[in-house]
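The block underneath contains the structure these notes are about, expressed in structure tokens.
The values are calculated or read from the model by the stated rules, or taken from the named source; none is laboratory data. This one's a predicted model, so the numbers in the text were calculated from it and none came from an experiment. We place every Cβ from the backbone using ideal geometry, glycine too, and count neighbours over all the protein chains shown. Quick note on the areas: whole protein, heavy atoms, side chains included, nothing else; ligands and nucleic acids left out. Shrake-Rupley method; radii C 1.70, N 1.55, O 1.52, S 1.80 Å.
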Amino acid sequence: MIIVANKEEMPIIREQDVIPFRNRVKDYAVKAGMSILNQTKLITAASELVRNLLKYGGGGRVKIEAVTSGREVGVRLTFEDKGPGIKDIDLAMRDGYSTGRSMGLGLPGTKRLVNVFDIKSELGMGTTVTIIKWKNG
Amino acid sequence: MRIFARQKLTQYFIMQNSTLNLLKSRQNDILKLWLDKQSFSTGSFENFSDSNEENESREFIETFIHSLSHSGAADLNSPGFDKVNDVITGISISRGKRGYSPRETGVYLFTFKESIFEVLNESLTDSDLLYAESQEISRILDNMTILTFEAFMKGREDVILRQTDEISEISTPVIKVWDGIVALPIIGTLDSARTQVVMENLLLQIVETESSIAILDISGVPAVDSLVAQHLIKTVSATRLMGAECIISGIRPEIAQTVVHLGIDLSNIITKATLASALQTAFLMLQLEVRKKGNISNIHG
Amino acid sequence: MDKIPILKMGDFLLITIQVDLYDQLAENLESDLVNAVNKFKSKGVLIDISAVSIIDSFMGRILGNIAIMSKIMDAQTVVVGMQPAVAITLVELGLPLNGVISALNVEKGMELLRKKIYNGYNPEQDYDHSSE
């Protein structure tokens, strides 16, 4: 069961919104007590997903939450857009890692950086991506 | 008062108020009986005036009887039992730290049960009622005994977790073997969690010692499968990204076979059979030479 | 408009990235660099990323672009000072950073450039520390 300790929402409309967003994520990560490595992974994943939001989703908003579950503490990010949606999620999540190609959406790589990765998308309706990084994840 | 047969788990006998009042009024008798039994069962015949033990037991009885009165003694998961469950869990952990075995703490509760039964037996004449009340108390206290075991095990798990962390720390030492060369003997299985620790340690040390070559010795890694190979490849890639090179040594013949059979591609990685030959290669790469003093011929490593 | 300063060090150019790169800044950097390489006929480019704590695919692409652009203009690029956490994250992310050569710090980076440029250049052995 996930309990939300603190949360806020940021609209992501233009490219200038990316850096302030990343800094905010860092604040939450530091407050959660994450190591530098885990902070880096979380912020990098957030950066990938927020750029996708802008590039493919036409902008949207992100929810940043400080969460706890049992003995774990962490940060949860929810990226929501009302864009065209992803046609084939399975394909987008297919691991292109071994071929060394950088995927358009970068989703499989991003998934490896976090502990929980959830994506919901409907064509013509939009996409919602939720990730959680635990302090000790 | 109807007595329900124990067919459905959800139907429990509700203890009579009279019984609850009886327990409340004879609380001190129960406590005395219990303390006597405790000193007897632990083999110590000292007068149990050790205030710690006595206060602990006293607090437990009070909380227990209080819970019974207020929870209706029905559902063991009801919040009415939270307080007494906390108390017994605390007692179990504290006793565990004081060196009591889980059996001893279990017996602790069994003797409590006996004490209550004795008092009930003295006062309740209706044998059917006596049976029902005793069964109910038994059910509650047995559940609590399970809680004490669980608390004890959890304490043990915490110790194991802490020790696992310590072992991880110890078993990935990064050793500077020469100016610009570090060696990392990996001992034990290389899972993904461990790989992260290894990579972090190694890369930080490379920065600190300003080394250009890292030798990863895997002769202490029991099995190398595709996953382990992947972890090794990741470590090599990360090292290269930072501008250093990685040599993997300690490749046993079985590993070479497994790697080929699994179709793992190690062609991009420098591999050596022993740490010694890896060191030799490192010297070569750094254009270093080892020579015997006062001798014309060169001896390389 | 923000610009990232480019320092001339003999035959080499040194860029120190200390701020987060956003689109406009990155574009400016690419064009400024190409122009500088051309102007000074530089043989090598050092990009110091020791102050960069996050490298995502966007930033990775910029670094890759700079490497390729420089190579076309006959200059070698070396990226120096990557933070360990960044290296580990990049590997996990699966960003190959092809065509980018790394060194531990500016000193070693210059050493590497000198070896490559003046002691014979072998394009096949990007990570080779011995040029003999």
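At a glance:
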| quantity | calculated |
| --- | --- |
| Complete set of residues in region C:50-63 that are over 20 Å from A:ASN52 (Cα atoms) and open to solvent by less than 30 Å² (accessible area, probe 1.4 Å) | C:VAL52 |
| Odd one out for B:LYS176 among (1) open to solvent by 20 Å² or more (accessible area, probe 1.4 Å); (2) within 18 Å of B:SER57 (Cβ to Cβ); (3) at pLDDT 90 or above | (2) |
| 3 or more residues on the phi < 0 side of the Ramachandran plot and under 16 Å from the mean Cα position of the chain (by Cα): qualifying helices (runs of 4 or more DSSP H) within region A:17-130 | A:18-31, A:36-57, A:107-113 |
| Checking B:THR148 against (1) under 24 Å from B:TYR108 (Cα atoms); (2) touching a Lys or Arg at 6+ places or on another chain (Cβ under 8 Å), the condition it does not meet | (2) |
| Lone qualifier among A:LYS63, A:LYS87, A:LYS82 - being over 22 Å from C:ASP23 (Cα atoms), open to solvent by 10 Å² or more (accessible area, probe 1.4 Å) and modelled with pLDDT of 95 or more | A:LYS63 |
| Condition met for B:SER78 (under 31 Å from the mean Cα position of the chain (by Cα), open to solvent by less than 60 Å² (accessible area, probe 1.4 Å) and at pLDDT below 85) | yes |
| Region C:73-85, subset over 13 Å from B:VAL207 (Cα atoms) and crowded, with 24+ Cβ neighbours inside 10 Å, residue farthest from the other protein chains (Cβ to nearest Cβ) | C:ALA75 |
| Residue within region C:40-49 that is modelled with pLDDT of 90 or more, within 21 Å of B:GLU200 (Cβ to Cβ) and surrounded by fewer than 22 Cβ atoms within 10 Å (Cβ to Cβ) present | yes |
| Residue tally, condition more than 21 Å from C:LEU112 (Cα to Cα) and either charged (D, E, K, R) or in a loop (DSSP other than H, G, I, E, B) (or both), over region B:279-293 | 4 |
| Condition met for A:ASN23 (under 23 Å from C:ALA85 (Cβ atoms) and free of Cβ contacts under 8 Å to residues at least 12 places away in the same chain) | yes |
| Number of the exception - A:PHE117 against (1) modelled with pLDDT of 95 or more; (2) buried (at least 20 other Cβ atoms within 10 Å of the Cβ); (3) not basic (Lys, Arg) | (2) |
| Strands (runs of 3 or more DSSP E) fully within region B:164-273 counting 3 or more residues that are more than 13 Å from chain C (Cβ to nearest Cβ) | B:175-178, B:181-187, B:213-220 |
| Residue among B:PHE45, B:PHE4 that alone is over 18 Å from B:GLU136 (Cα atoms) and either out of contact with any Phe, Trp or Tyr (no Cβ under 6 Å at 6 or more places or on another chain) or modelled with pLDDT under 85 (or both) | B:PHE45 |
| Residue that is nearest to B:GLU210 (Cα to Cα) [pool: residues in region C:96-120 that are among the hydrophobic types (A, V, I, L, M, F, W, C) and more than 9 Å from chain B (Cβ to nearest Cβ)] | C:VAL106 |
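A quick yes/no check of all residues on (1) touching a residue at least 24 places away in the same chain (Cβ under 8 Å); (2) more than 26 Å from C:LEU112 (Cβ to Cβ):
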| residue | (1), (2) |
| --- | --- |
| B:ASP217 | yes, yes |
| B:LEU232 | yes, no |
| B:ALA238 | yes, no |
| B:GLY243 | yes, no |
| B:GLY250 | yes, yes |
| B:ALA256 | no, yes |
| B:ILE264 | yes, yes |
| B:ALA273 | yes, yes |
| B:SER277 | yes, no |
